[in-house]
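Report on the structure given below.
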Amino acid sequence: MPETIFWVILFLPLTAFVLAGISAVNQNLQRQIPEWDPNYPRSWKPIADLFCGPRLASTPLIIALAVAFLLAVINLIDSIGLRGLPLNIGTHELFTAGELIVNVGVRIDGLTSVMLVVVTGVSLLVQVYSTGYMDGDHGYRRYFAFMALFTTSMLGLVLADNLLMLFAFWELVGLTSYLLIGFWFHRSAAAAAAKKAFLVTRLGDLGMLAAMILIFSKTGTLDIAAINALADSGAEAGMFAFNGLLIGQTAMTLFGLGLIAGAVGKSAQFPLHIWLPDAMEGPTPVSALVHSATMVAAGVYLLARFFPVIHASSTASDLIAWIGAGTALGAAILAMVQVDIKRVLAYSTISQLAYMMFAIGVGGYAAAVFHLMTHAFFKAMLFLGSGSVNHSTNTFDMRRMGGLRTLMPITFGTFIVGTLALAGIVPLSGFWSKDEILIEAWDNNKGVFVLGLLAAGLTAAYMVRAVYMTFFGEYRGGEEVAPGEHGNEDPSHPHESPRSMTTPLIILAVISVVSGFLTFGGEFQTWVYGALPDPHAGKFHWSWGIFLGSTALAVGAGFVAYWFMRNRDRVRSWGAGGIWPIPEAQKFATELFYLDALAENLLARRVFYGWIARSSAWFDATVVDGVVNRAWREGLTISNGARFVQNGWVQAGTISIGLGGMIIWIAVVLF
């Protein structure tokens with residue numbers, strides 16, 4: 001495909017952003033034209049609706065994404081024919097600054113092609129769903145403008161052929177995430193969550209920025225292909241050398257660690273995972289697209305894109321493997337104690353992203369990308385399913401739900417499909433991608449494998465618990481609509497969501513069933529291996545032992561969770577949102593291992609605000625302002641002393657000139 005097509009894919013949602021922005025800015029114009037007035041022809045109302053109404057915000061974005069998705073699919077077909085090898089597309093010089101040459105360009109290979117389909121496909125379905133979910137919201141136009149800008153940012157991140165361009169879109173993704181988390185900024189919880197997400201992810205971004213500065217200072221390039229080729233060349237005598245580029249082992253390790261820092265922040269891994277659960281304060285479609293399928297997967301994409309760099313250093317690869325394994329298990333435990341269905345899915349997302357992380361750490365590059373793809377579809381479906389339930393009950397609190405399986409059959413059916421896929425039940429897509437990761441872990445790191453297997457069992461348990469609390473038992477009434485909010489005016493009689501919301505659920509359910517079969521024959525692995533400096537044919541991994549073991553564990557854990565829910569009168573702690581009948585263990589998990597309290601009370605309030613901020617304020621007031629204030633005071637004193645020279649007397653001026661002349665004459669004569 002010609003290069004122009006990929007720029008079209010990028011600029012389609014950007015155009016929709018401009019149109020949605022126009023609609024948002026001119027939102028009040030529609031109200032200025034009455035429904036019927038002899039001075040205004042009836043034909044003017046549709047024109048006002050077209051250029052200032054909500055359709056200008058949503059329809060162009062849906063059309064743009066539909067076209068972009070079609071082009072992405074065509075490109076994927078072409079990429080399959082090329083076995084995922086990169087297209088020969090040159091980069092374009094934007095400007096130069098000294099030795100820095102800033103280029104913009106696209107890199108199209110198997111990895112890019114898969115990501116383009118995932119981003120445009122999931123985004124398209126989420127926007128269609130949003131037309132029903134956000135209908136009636138006062139910020140409808142602003143919502144679609146932000147979503148269009150986010151999709152543009154994510155596509156730019158995926159298409160970038162150099163690290164500087166990638167980082168620019170990486171930061172723009174963070175900005176749009178902030179805007180979408182705080183979309184309902186009149187809610188204090190949403191505003192606080194947006195700030196928390198923005199600040200926490202910036203900590204990881206500092207590491208990524210340092211990595212960029214390091215690699216440029218050592219090699220003079222930010223080109224992704226060149227850096228990967230350098231890392232893939234192998235170290236001889238502690239040095240990597242390729243095509244005139246040279247870098248030491250220590251610098252390569254530090255570069256990899258910087259990339260890991262950025263990925264840990266963006267993909268919400270320990271210890272920077274604390275922002276993602278709070279990000280659920282944003283609209284549910286935002287959670288489905290931004291905080292499960294695309295933005296949070298950007299960290300995984302970053303490490304997959306720089307896979308040769310990560311594995312050029314055993315320190316970097318081992319670090320991300322153990323961070324991922326620990327996060328997978330810890331987040332799964334925390335998901336067990338949540339009573340908010342979106343927070344269950346948020347911790348589940350952290351856990352599944354951790355699977356992808358430790359897959360990259362143990363060498364399972366293709367397995368990580370495959371799980372990224374399958375997870376994007378079924379986790380987006382689960383989030384949209386939770387939004388469908390909320391649309392009818394006005395709550396995300398599972399203690400206020402129950403008995404919805406007969407009242408919302410489509411939502412229930414698709415949620416079950418997503419649950420089975422997430423739990424890794426054969427033959428759904430999550431089974432194939434999860435087991436690929438476990439096989440890679442078994443082959444390369446038994447300790448990581450054990451933690452991943454335990455996380456897989458807990459995944460089945462917390463999802464069975466969520467399904468039971470939401471869809472089984474007696475309906476517990478939901479909640480009334482909060483003042484000034486839109487929602488179901490009669491939550492005591494819940495109903496199925498409109499077709500605009502259920503159709504995307506059905507499509508995602510079908511994809512969640514069939515997408516796992518792409519791994520058969522190793523074709524998917526071959527596509528994504530084409531993105532590496534040393535492309536080779538992939539193969540389908542299979543192990544009867546891991547298949548039987550992981551399936552038995554998931555099914556067994558699910559039945560245990562079901563038994564606990566059926567007998568929760570005997571296990572009160574579970575029914576109240578707990579996991580064990582041991583109060584101390586329940587409290588430890590309910591308090592999120594006290595990590596949030598540690599971060600907010602100790603690090604944020606005492607260290608940053610209490611010590612660093614106060615010290616900086618003292619330094620600014622005492623030293624910086626002190627120097628400035630002393631300078632102007634001394635200047636004032638000197639000027640007051642010399643004021644008599646400029647008193648307006650001609651005689652004084654003449655005397656001053658004469659004295660000055662004499663001093664100059666004496667100096668010349670004597671010296």
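Quick notes on this one:
- Taking 28 Å as the straight-line reach from the Cα of K195, the lysines in range (excluding those fewer than 8 positions away in the same chain) are K266, K342, K379, K587.
- Percent RCO, i.e. relative contact order, over the chain, from Cα pairs under 8 Å lying at least 6 residues apart: 12
- Across the range 176-190, coupling constants 3J(HN,Hα) worked out from phi with the 6.51/-1.76/1.60 Karplus curve, θ = phi - 60°, read 5, 4, 4, 5, 7, 4, x, 4, 8, 5, 6, 8, 4, 5, 5 Hz, and Gly and Pro carry x.
- Against the chain, whose longest principal axis is taken from its Cα atoms, helix 249-266 shows a tilt of about 70°.
- Rounded to the nearest 10 degrees, the angle from helix 55-81 to the longest Cα principal axis of the chain is 80 degrees.
- Three-way shape label, the range 179-236, alpha-carbon gyration tensor, a/c 1.5: prolate
- Calculated from backbone phi, Karplus (6.51, -1.76, 1.60) coupling profile of the range 277-290 in Hz, x at Gly/Pro: x, 5, 5, 5, 5, x, x, 4, x, 5, 4, 5, 8, 7
- Local net charge near Y143, Cβ-Cβ under 13 Å (Lys/Arg +1, Asp/Glu -1): 0
- For S267, the amide hydrogen comes within under 5 Å of the amide hydrogens of G299, counting only partners 5 or more places away or on other chains and with H modelled in the peptide plane.
- Peptides 653-660, 292-299, 193-200 ranked from most to least packed, by the mean per-residue count of other Cβ atoms within 10 Å: 292-299, 193-200, 653-660.
- Proximity of backbone amide H atoms, modeled 1.01 Å from N, is registered between F396 and no other residue at under 5 Å, excluding neighbours fewer than 5 places apart on the same chain.
- Ranked from largest, the principal axis spans of the Cα set of the range 219-308 equal 51, 23, 18 Å.
- Share of Cα-Cα pairs in the range 351-406 lying beyond 17 Å, as whole percent: 52
- Within the set [x] 67, 32, 21; [y] 49, 34, 29; [z] 36, 31, 24, the number that semi-axes √(5λ) of the Cα gyration tensor in Å takes when calculated for this structure is listed as [y].
- Burial order of peptide ranges 320-326, 550-556 (average beta-carbon count within 10 Å, highest first): 320-326, 550-556
- Accessible-area composition of the chain, carbon plus sulfur, in percent [1.4 Å probe]: 67
- Neighbours of A197, meaning other residues whose beta-carbon lies under 10 angstrom from its beta-carbon, give a summed charge of +1 when Lys and Arg score +1 and Asp and Glu score -1.
- Relative packing of peptides 327-340, 349-362, 172-185 - highest average C-beta neighbours within 10 Å first: 349-362, 327-340, 172-185
- Per residue, the chain exposes 42 Å² of solvent-accessible protein surface, assessed with a 1.4 angstrom probe and all protein chains in place.
- Computed from backbone phi with θ = phi - 60° and the Karplus coefficients 6.51, -1.76 and 1.60, the 3J(HN,Hα) list for the range 548-565 is 5, x, 5, 5, 4, 5, 5, 5, x, 5, x, 5, 4, 4, 4, 5, 4, 5 Hz; x is used for glycine and proline.
- Over the residues of the chain, the helix contribution to mean residue ellipticity at 222 nm works out to -21500 deg cm²/dmol, using -39500 (n - 2.57) for each DSSP H run of at least 4.
- Summing charges over neighbours of A441, with a neighbour being any other residue whose Cβ is under 14 Å away from its Cβ, gives -3 when K and R count +1 and D and E count -1.
The values are calculated or read from the model by the stated rules, or taken from the named source; none is laboratory data. Just so you know, these numbers come straight off a predicted model, no measurement behind them. Heads up, the Cβs are rebuilt from the backbone with ideal geometry, glycines too, and the neighbour counts pull from every protein chain shown. Side chains included, ligands, DNA and RNA excluded: accessible areas come from the protein's heavy atoms. Shrake-Rupley method; radii C 1.70, N 1.55, O 1.52, S 1.80 Å.
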